[in-house]
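Reading through the structure tokens given below for one structure.
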Amino acid sequence: MMLKNRLRVVRDVTDKLTALEAAIDDALICAGDLTVTVASGRQKANLSAVVAQDAIGLTGDAIQSLHAARAKMVEAHGAFADARNQMGLRTYAGGNFWKPPHADAANEPVVGIEDRKEEAA
């Protein structure tokens with residue numbers, strides 16, 4: 001029963017963590033879209049560069065904050081993984097996204113599909 005509870009907690013935390021990471025990425029996309037829309041709109045309307053400059057600057061500040069938040073969530077993701085491992089629930093493969101190789105695997109050769117085809121021949 002204890003293992004089931006721990007697995008449920010890890011799953012719940014993982015769901016919330018990935019949702020927050022996606023929300024930050026979505027916010028970065030929206031902020032980028034806003035910046036592009038303002039800049040291209042200014043050009044289309046033949047307006048001076050000073051028009052909405054303060055707003056663009058504030059948007060840039062917000063984007064910097066979003067980048068900092070994303071970096072902190074990447075750090076938190078690693079810390080949560082460490083906590084999961086401390087609970088004895090190490091993950092060996094998971095997620096839908098590419099992940100960089102682990103530091104301990106840095107010296108191991110990377111074998112691709114083409115390499116395996118050659119080995120089989």
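Observations
- Here the spin labels are modelled as points 7 Å beyond Cα on the Cα-Cβ line, and at Ala22 and Met1 they lie 3.3 nm apart.
- Gained length - Arg8 relative to Thr37, 0.36 nm times residue gap less alpha-carbon distance: 6.1 nm
- Calculated diffusion of the range 47-86, Stokes-Einstein form, Kirkwood radius summed over Cα pairs, 4 °C and 1.567 mPa s, µm²/s: 104
- Net charge dipole size for the range 1-79 [Lys, Arg +1 and Asp, Glu -1 on Cβ; Debye, nearest 20]: 340
- At R0 = 35 Å, FRET efficiency that the Cβ-Cβ distance of Leu89 and Ile63 yields, to 0.05: 0.45
Only the coordinates and a few stated rules stand behind these numbers; no lab work does. Predicted, not measured: the structure shown is a model, and the values here were computed from it. For neighbour counting, all protein chains shown are included, and Cβ atoms are generated from backbone atoms with ideal geometry for every residue, glycine included.
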